[in-house]
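**Q** Right, I'll just put the structure down here and ask away after.
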Amino acid sequence: MIELRNVTKRFGDERAVNDFSLTVEDGEFCVLVGTSGCGKSTTLRMINRLIEHSDGQILIDRQQIRSFNPQALRRRIGYAIQSTGLFPHWSVARNIGTVPRLLKWDKPRIEARVRELMELLGLDHDNFAERMPSQLSGGQAQRVGVARALAADPDTLLMDEPFGALDPITRVNLQEELLRLQSRLKKTIVFVTHDMDEALKLADRIVVMDAGRIVQQGTPSDLLSAPANAFVESLLGGADRGLKQAGLIRVSSRMRTDLPAPQAVDPATVAADDTLRVALSLMLWHRCDTLTVVDRSNTPVGQLSLRDLLHSGSS
Amino acid sequence: MGLSLLALLGLPLASSQPNRIVPGEGVFLWEMVGWVGALGIALPWLAAVGLAVRPTRGRSWAVLGFVVLILISVPWGLAAFCLAYVDLEQPYARGGIGAGTWVVLFLTGLCLVELRSRLSLSRRHIVSILALTLIAWATALSSGWLEPLALVREYASRSDQFLAAVLYHLALVGAAVAISLVIGFSLALALRHSERLRTPVFGVLSVIQTIPSLALFGLLLAPLAWLSSRYEWLSDLGVQGIGWAPALIALVGYSLLPMTRNAYVALEGVPAVVIESARGMGMGPGHIFFQVRLPLALPVLLEAIRITTIQAIGLAAVAALIGAGGLGTFIFQGLGQSAMDLIVLGALPILVMALIADAAFSALASHFRQGGRP
């Protein structure tokens with residue numbers, strides 16, 4: 001658990017972070033969103049003492065971070081930044097093993113851990129272990145970055161725009177991957193981004209920041225249904241809001257299963273774990289107002305009509 | 001390639017002279033082997049030029065073969081020339097290497113560089129070509145037929161001095177580079193911690209760099225002479241107004257600017273993100289310096305050592321003027337006696353040393369740049 005209590009950071013006379021309070025529960029995926037210069041990176045870097053806070057308290061597992069030696073603190077917190085943060089003169093394996101080596105694990109244990117992490121992140125060990133960072137694509141380098149952050153199995157993970165430099169397709173892939181990892185590992189994650197779509201997709205809780213303060217915090221659908229002010233609304237993308245909200249809801253939560261199973265050869269089908277956004281798009285494409293919902297094995301399991309899509313509950 | 005053919009035919013390839021002082025008489029290719037022989041050499045040469053005009057991979061390899069052939073045959077050609085033209089009965093008669101041969105050698109060298117990039121030859125290829133050339137020279141020399149060559153004569157009359165001079169030259173350069181590396185690196189470290197020092201330090205170093213080398217040697221003469229007469233232990237060490245001491249000091253002075261500036265740039269040039277992530281991983285300052293900053297700065301640092309070494313090899317020759325010894329001695333003796341070949345005897349090893357230093361440090365730097373581990 002990470003707690004920030006009335007934290008302030010001053011650079012000279014300027015307050016980069018101003019009276020900031022936030023509690024991130026164990027296993028929670030918390031995303032800080034805001035425009036550049038809003039203090040989100042500063043907040044993140046205060047948690048592992050890359051920047052020292054000026055006032056207030058920061059606690060990890062109810063202990064003041066100031067009570068730890070900064071290096072010891074950082075070794076128990078995973079840290080991933082944009083892909084350039086890999087050590088260019090070390091191989092992939094050596095990069096991933098950085099923190100375990102600092103923690104003086106013995107060699108076989110480090111090797112086993114590196115192997116395990118590469119597998120976890122879909123990097124073929126034989127193929128990639130001895131490559132240098134310059135021989136990796138952006139997406140591969142970022143996977144290595146995430147593996148390195150996870151190396152010593154920290155409870156807490158800080159990620160500073162880790163996917164910022166990637167192309168849209170790779171970024172979406174890695175976001176999916178991160179979600180999959182998080183559902184297994186249940187780390188406490190603080191993630192910084194300026195991309196609201198990324199935040200909506202990943203977060204359990206979004207914290208919108210502006211000028212060093214929290215403007216609004218809540219679940220993605222809280223934010224979409226009730227943005228606190230015009231700034232949050234503009235971050236959410238104005239008129240696209242409806243679609244973004246639809247992108248958060250699964251078809252399975254709105255479909256009807258009480259109707260008789262329809263004819264199987266209907267081309268207009270949607271998967272149960274797709275989102276309403278996909279369903280709406282399919283309706284527009286097929287020019288129909290009812291879709292057959294199928295499960296993974298393509299067996300019909302229910303129906304979704306435009307009415308169901310528009311109204312929540314059992315109308 | 002075409003130019004080298006012109007040089008082969010149009011310039012004297014070698015000369016013969018009755019003694020050391022009298023300028024030699026140039027001998028042209030056709031005079032040596034007759035018109036038929038000259039044609040016999042020129043035609044394949046022309047063919048090689050033709051092949052080089054529209055290069056394919058195969059043609060370039062053929063040209064490369066021809067270039068290597070030229071390199072190998074030059075010493076033997078000279079040997080043949082000595083046998084035929086130099087009167088062995090006269091003890092002072094000698095043969096000189098003519099302008100044509102120098103130009104041919106220079107141009108084939110250029111061809112080799114061009115072919116190297118065209119065929120993307122590996123380092124091993126180049127080394128083996130050089131080795132072949134060296135073997136050709138070595139066998140030609142050991143056969144004794146090259147003995148009348150002026151360069152060889154000059155060497156024979158001072159072979160002991162020559163070896164000593166080479167070693168001395170190397171020692172002077174090595175000491176200067178080592179000392180300036182230590183001082184330059186420490187200065188760079190100090191400058192990283194203090195913004196205020198930077199401008200004055202680089203200012204002073206730049207000023208030293210602009211003093212002409214002879215003037216600097218002269219300037220050091222008086223204070224060093226005074227110091228050594230004042231303190232006995234200094235003169236016991238061999239520190240005097242002339243000799244190795246002022247030479248070493250001047251060499252170090254000149255080496256400091258490139259060394260310090262490049263070391264500074266190398267250390268500062270490590271991307272901030274990498275340092276940031278090293279800190280974020282929980283590395284301490286010592287770890288960050290020795291495991292991240294220094295290895296990443298190493299290629300640029302080696303570049304600094306390379307530049308400094310080459311510069312010092314050249315400058316050390318001038319140091320002979322103030323009695324520091326080294327290969328420069330031969331150059332200045334040669335100048336004094338207007339004996340060209342003696343100058344070449346001093347200059348050639350300097351050139352070779354500089355080339356070797358250049359190649360070695362470049363290879364080392366690129367090795368580390370490709371991610372080799374220290």
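**Q** Rounded to the nearest 0.05, what FRET efficiency do A:S221 and A:H311 have when you use their Cβ-Cβ distance and R0 = 25 Å?
**A** 0.95
**Q** Would segment B:263-309 count as rounded, prolate or oblate if I go by the C-alpha gyration tensor, calling it rounded below 1.5 in a/c and otherwise prolate when a/b exceeds b/c, oblate otherwise?
**A** prolate
**Q** To the nearest 20 debye, what is the magnitude of the charge dipole of segment A:2-244 about its Cα centre, counting +1 on the Cβ of each Lys and Arg and -1 on the Cβ of each Asp and Glu?
**A** Computed charge dipole of segment A:2-244: roughly 820 debye.
**Q** Which value, in debye to the nearest 20, gives the size of the charge dipole of the protein assembly as shown about its Cα centre, when Lys and Arg are +1 and Asp and Glu are -1 at the Cβ?
**A** The dipole of the protein assembly as shown has a size of about 560 debye.
**Q** Right, something else. Are any of the pairs A:K40/A:K104; A:K9/A:K40; A:K9/A:K244 more than 22 Å apart by Cα-Cα distance, and if so, which?
**A** The answer is A:K40/A:K104; A:K9/A:K244.
**Q** Which whole-number percent gives the relative contact order of segment B:194-306, counting Cα pairs below 8 Å spaced six or more residues apart?
**A** Answer for segment B:194-306 is 24 percent.
**Q** Still on this model: Can you give me the relative contact order of segment A:6-149 as a percent, contacts being Cα pairs under 8 Å and 6 or more apart?
**A** Normalised by residue count, the contact order of segment A:6-149 is 22 percent.
**Q** Using only the alpha-carbon atoms of segment A:63-169 as identical scatterers, what base-10 log of I(q)/I(0) does the Debye formula give at q = 0.09, 0.23 Å⁻¹?
**A** -0.22, -1.29
**Q** Rounded, prolate or oblate: which one fits chain A, using the alpha carbon gyration tensor with axes a ≥ b ≥ c (rounded when a/c is under 1.5, else prolate when a/b beats b/c, else oblate)?
**A** In terms of gyration-tensor shape, oblate.
**Q** If you find the alpha carbon centre of segment A:193-223 and of segment A:25-62, how far apart are they in angstrom?
**A** 14 Å
**Q** Partner chain Cβ atoms within 10 Å, averaged over the residues of B:271-277 - can you pull that number for me?
**A** That works out to 6 on average.
**Q** Right, something else. In terms of Cα to Cα distance under 18 Å, which lysines are near enough to A:K186, apart from those fewer than 8 places away along the same chain?
**A** Reachable lysines: A:K201.
**Q** Follow-up. Return a whole-number percent for the relative contact order of segment A:251-310, with Cα pairs under 8 Å and 6 or more residues apart as the contact set.
**A** Across segment A:251-310, relative contact order equals 42 percent.
**Q** Place +1 on the Cβ of every Lys and Arg and -1 on the Cβ of every Asp and Glu in the protein assembly as shown, take the dipole about the Cα centre, and give the residue among A:A199, B:A324, A:A141 whose Cα lies farthest towards its positive end.
**A** Highest projection toward the positive end goes to A:A199.
**Q** Now for a separate question. If you take each beta carbon of peptide A:87-93 and count the beta carbons of other chains within 10 angstrom, what is the mean?
**A** Counting Cβ atoms of other protein chains within 10 Å of each residue's Cβ and averaging gives 5.
**Q** Roughly how many Å is it from the Cα centre of segment B:150-195 to that of segment B:311-374, as a whole number?
**A** 9 Å
**Q** Within straight cross-link reach of A:K107, meaning Cα distance under 12 Å, which aspartates and glutamates are found once same-chain residues fewer than 8 apart are removed?
**A** Candidates past the 8-residue exclusion: nothing left.
Any read-out appearing in this document is the output of simple, stated calculations on the displayed coordinates, not a laboratory observation. It should be emphasised that the depicted structure is a prediction, and the values quoted were computed from it without experimental measurement. Positions of Cβ are backbone-derived with ideal geometry, glycine not excepted, and every protein chain shown enters the neighbour counts.
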